[in-house]
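Structure first, then comments.
The values are calculated or read from the model by the stated rules, or taken from the named source; none is laboratory data. Everything numeric here is computed off the predicted structure, so don't read it as measured data. Glycine gets a Cβ as well: all are built from the backbone with ideal geometry, and neighbour counts include every protein chain shown. Note: accessible area is taken over every heavy atom of the protein model, side chains too, but ligands, DNA and RNA are not part of it. Shrake-Rupley method; radii C 1.70, N 1.55, O 1.52, S 1.80 Å.
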Amino acid sequence: MAGTCVVGLQWGDEAKGKIVDLIGDQFDFVVRYNGGANAGHTVVVDGKTFKLSLLPTGVIRPATTSVIGNGVVVYPPRFFEEVDSLARAGVDLSKRLFLSDHAHVIFPYHMEEERLAESSTEGKIGTTGRGIGPCYQDKVGRRFAIRVGELLRPDHLRERLAQIVPFKNRLCTAFADGNATPKVFEPTALADEYLGYAERIRPYVTDTSRLLHEAVKAGKRVLFEAAQGSLLDVDHGTYPYVTSSSSLPSGIWSGSGLPAKNVKRIIGVVKAYTSRVGRGPFPTELDDGIDGYGERIRKVGREYGTVTGRPRRTGWFDAMAVRYTAALSGADEITVMLLDVLSGLPELKLCVGYDLDGERRTHFTSDAYELERCKPIYETLPGWTEDITTARKLTDLPAAARRYVDRVGELVGLPVSVVSVGPGREQTIRV
Ligand code: IMP
């Protein structure tokens, strides 16, 4: 069996969905192993556009079985919203979408905890507000977490919420430092609400680790979709400005139960430039005003968050960062996305080193406090003016664009297997 992982090598939003779409028909199973509804991907089915954030992108392929693994955190209303919107478009997911009984459940108090933390002066990370961090905190803390399997046991769920909710109410009240009025929750009402979800969710719930082990034994092909980007990984990303899960392929083993030895190919996805949503250091950021390159890349690349609509921060390609994540992810190749967005810029810069307090650094640091002090050292390449959105092979690209792609591959140290020149499936150069 061939397990493959598609993983973003920057701060997320690298257009992983397009790569999953391009290769999706080669797989029997698609699996999400980390994160929750903080991810955002746009999927087009028969001309209709869907914004998915919790379900794997691969759900749209009728022959594919989709799995939401134990490493994911699930907000049931969002789960139904996505399932229903696909059902309305004729995509039937019954018997081919499975949710781990070990995945953790997001409750409204998680979102409230996040809202209060983000509105405090000390705790801002610029999160998506989906309750992701507080739910993972409860998971690791063990005392106040509820797993999907527990939703299916009514008396047990009522008992657990009767213990947890008063504590959460006290926590939120204490947390609201006078600036924000805390919401409080009522255990019985919350239990009634979630028991309603439980009945609907029941047919999807199973032991997905076993399901995947059986699939592997039967020789099925499995595709893992990493959510977020490698630089947002809780261990190896630019901590503390990261998400709360393992977004690198290292999360596959813990987040799905399938040992890493089953993953034979790792496809690292990068944008031809860099973007980031939320706070945290970003050495190559182009914060150069409304007439600057940063704004131009944002506009042309439609760099606004799928989940929150926030304008993304944009900047030059950082080869230091991607060489680091390529190594940590075990990527075998890279795909360079959104190259067309750079058309028309007179010159392009690639970050090839950092100046840290006057000394040249040739390797990345994921320590946010150190990275904040790193100034990029650039190599400058000529731009191109031609429209490249109709290019279908490397030789269709202007020489400057080819040179740019070659140099990106060289600096990262991996072969470039795909260059994307537009959102369409056909706007793809396979190298
Ligand atoms: P959280 O995942 O909502 O806790 O947010 C933590 C950080 O990760 C914030 O900077 C978010 O903007 C960022 N983030 C979370 N999910 C994504 C994603 O799918 N793409 C890009 N950034 C993300």
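If only residues of region 24-38 that are farther than 23 Å from Gly90 by Cβ and more than 12 Å from the ligand (Cβ to nearest atom) are counted, the one that is surrounded by the fewest Cβ atoms within 10 Å (Cβ to Cβ) is Gln26. Contact map, region 307-333: residues that are open to solvent by less than 10 Å² (accessible area, probe 1.4 Å) paired with residues that are of a type in the set (Asp, Glu), Cβ distance under 7 Å, separation 6+ or inter-chain. Pairs shown: Thr314/Glu303; Gly315/Glu285. Of the candidates Arg158, Arg143, Arg130, Arg153, the single residue that is at pLDDT 90 or above, within 15 Å of the ligand (Cβ to nearest atom) and open to solvent by 30 Å² or more (accessible area, probe 1.4 Å) is Arg130.
Can we say Asp138 is more than 20 Å from the chain's Cα centre (by Cα), within 30 Å of Asp28 (Cβ to Cβ) and either away from the ligand (no atom under 16 Å from the Cβ) or assigned by TED's automatic domain parsing to the domain that holds Phe175 (or both)? Criteria not met by Asp138.
Whether a residue is part of a helix (DSSP H, G or I) and either among the β-branched types (Val, Ile, Thr) or in the same structural domain as Asn34 (by TED's automatic domain parsing) (or both) was assessed, and Val165 passes this test.
Residues in region 295-306 that are within 16 Å of the ligand (Cβ to nearest atom) and surrounded by fewer than 23 Cβ atoms within 10 Å (Cβ to Cβ): Arg298, Gly301, Arg302, Tyr304, Gly305, Thr306.
On the stretch given as region 88-111, residues that are within 14 Å of the ligand (Cβ to nearest atom) and farther than 29 Å from Arg61 by Cβ total 2. Of the helices (runs of 4 or more DSSP H) entirely within region 172-260, those holding at least 1 residues that are among the β-branched types (Val, Ile, Thr) and more than 16 Å from Phe98 (Cβ to Cβ) occupy 187-201, 251-256. Restricting region 216-261 to residues that are surrounded by fewer than 23 Cβ atoms within 10 Å (Cβ to Cβ) and hydrophobic (A, V, I, L, M, F, W, C) leaves a set whose member that is nearest to the chain's Cα centre (by Cα) is Val234. When you go through Leu348, Leu356, Leu411 one by one, which is the residue that is buried (at least 20 other Cβ atoms within 10 Å of the Cβ) and among the hydrophobic types (A, V, I, L, M, F, W, C)? That would be Leu348, the only listed residue that is buried (at least 20 other Cβ atoms within 10 Å of the Cβ) and among the hydrophobic types (A, V, I, L, M, F, W, C).
Please specify each residue of region 39-52 satisfying the condition of being in contact with a helix residue (DSSP H, G or I) (Cβ under 7 Å, 6 or more places away or on another chain) and open to solvent by less than 50 Å² (accessible area, probe 1.4 Å). Residues satisfying the conditions are His41, Val43, Val45, Phe50, Leu52. Consider region 223-244 and keep the residues that are touching a strand residue (DSSP E or B) at 6+ places or on another chain (Cβ under 9 Å) and more than 21 Å from Arg312 (Cα to Cα). The one that is nearest to the ligand (Cβ to nearest atom) is Glu225. Residue count for region 312-348, restricted to those that are within 16 Å of the ligand (Cβ to nearest atom) and out of contact with any Ser or Thr (no Cβ under 6 Å at 6 or more places or on another chain): 4.
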